[in-house]
Every structure is written in C-alpha cells, then in structure tokens.
Amino acid sequence: MEAIETILKDCYVLEPNVFGDERGYFLESYNKKQFDALIGKEVNFIQDNESFSSQGVLRGLHFQSGEHAQAKLVRVTQGKVLDVAVDLRTNSPSFLKHISVELSSENKKQLFVPRGFAHGFIVLSETAVFNYKVDNWYNKASEGGIIYNDKTLNIDWVLDKELLTISEKDKVLPTVKELFE
C-alpha cells in the first residue's frame, strides 16, 4: 500500500497493491501495522460502517467534535463517489481547505480523514456502496456539519444541483461563517 500526501495536513489518499490474474484480484484493504507506519501515528479503528446510495445522493458535510471527534478510513466497494474532506482544525496550516478525491470500486483508493475534519461524499455512479472505519464512538450531542454549498469552501460537487438528493437535516446545516463566529 502507498500513502499519498494531500494538501491537507495529516490527510492521505491510500492506494493498495492489487494482485490480479485470470481468476480476478486480491488486495489487502487494511493492515494496522502498515497503515500506522504509512500515516506516522497509531489509529485504533473500533467500528466499520457501510452505506448504500443512489446517484446524486450527497451525504455531508459531517463531523464529530471535541472528545468524540472521529478519524475515518473510507473506501467504495461498488460504484463511484466524489469524496470530500475539509480541515476544521483552527491551528492547522490547512484550516478550511478541502480536497475532493474520486473513490471507486475500480480504482480501489481509500482516503484517511483525521479527527478534526468535516467529511462528505456524492454518488457519481448509478449506485454506490460506501464503507468506512471510525476510531471513536458516535455521540449525537457532538455531531455537527457544514452546508454542502458553503460559499467559503466553494466545493465543486460535479453534478448539477437539480440532480442532488440531500437529507432535510443536511439542507439546514450552518455555513463556515456561522460555525466559526
């Protein structure tokens, strides 16, 4: 596996070694020892989650704050998404910067999103199965988010606004300005 640094401090794109032959392929999607060495710190994932969504579904931008903040290791096992991470750590050199990475069952890339980040994705294929590991338990009182179309962040979600499916909860999330005032 290879870890590729992004413009966001501590956030990495991971590309696995894929071994293919006439039978198909094999890859190691996670190896704790190798993962920790690649990103330079120990992360103890405690839960795996999976979501299924249709084209145009936009989930995010979400985060957990304080002692309940979560690091995530995300991947797509069916379909294709545009995955977005936003650095919300006020003391970070990449504060309020974001990256967009295409994750798919074809490219088999993963994204490590550290604690202190907002995260979201949009489904680009007909459907997608999105898998992620987290290193902390969910806590409803600590959940937060940023509206997907925040003008400060100016994220290009690729699909036309008319094609998006967004939960009512995500449609009323605050802006960056409201969050940090």
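Nothing in this text is a laboratory measurement; each read-out follows from the coordinates by a stated rule. Predicted, not measured: the structure shown is a model, and the values here were computed from it. Cβ placement follows ideal geometry from the backbone for every residue including glycine, while neighbour counts extend to all protein chains displayed.
Below 8 Å, C-alpha to C-alpha, sequence gap of six or more: please give me the relative contact order for the chain in percent.
Relative contact order, the chain: 28 percent.
What GluC sites (Glu not before Pro) in the stretch 1-32 are in a loop by DSSP, with at most 10 other Cβ atoms within 10 Å of the Cβ?
Sites meeting the loop and neighbour criteria: 22.
As a check on your grasp of the helix formula, calculate [θ] at 222 nm for the chain: sum -39500 (n - 2.57) over DSSP H runs of n ≥ 4, divide by the residue count, round to the nearest 500.
Result for the chain: -2000 deg cm²/dmol, rounded to the nearest 500.
Picking from 49, 107, 20, whose Cα lies most toward the positive end of the charge dipole for the chain (charges on Cβ: Lys, Arg +1; Asp, Glu -1)?
Of the candidates, 49 comes out farthest on the positive side.
All other residues with a Cβ under 9 Å from the Cβ of residue 132 taken together, and with Lys, Arg as +1 and Asp, Glu as -1, what is their net charge?
+1
Within the stretch 64-125, report the chymotrypsin sites (Phe, Trp or Tyr not before Pro) that DSSP leaves as loop and that have at most 16 other Cβ atoms within 10 Å.
For chymotrypsin sites (Phe, Trp or Tyr not before Pro) across the stretch 64-125 that sit outside H, G, I, E and B with at most 16 neighbouring Cβ atoms in 10 Å, the list reads 95.
Where does the longest stretch of the chain lie that holds no trypsin sites (Lys or Arg not before Pro) found in a DSSP loop with 12 or fewer other Cβ atoms within 10 Å?
42-150
Starting from a Cα-only point model with no solvent, please compute log10 I(q)/I(0) by Debye for the stretch 32-181 at q = 0.10, 0.14 1/Å.
One equal scatterer on each Cα of the stretch 32-181 leads to -0.33, -0.67.
May I ask you to sort 6, 77 by Cβ crowding, counting other Cβ atoms within 10 Å and putting the fewest first?
Ascending Cβ contact count within 10 Å gives the list 77, 6.
Which chymotrypsin sites (Phe, Trp or Tyr not before Pro) from the stretch 122-160 combine a DSSP loop assignment with at most 13 other Cβ atoms within 10 Å?
Qualifying residues, ordered by number: 137, 138.
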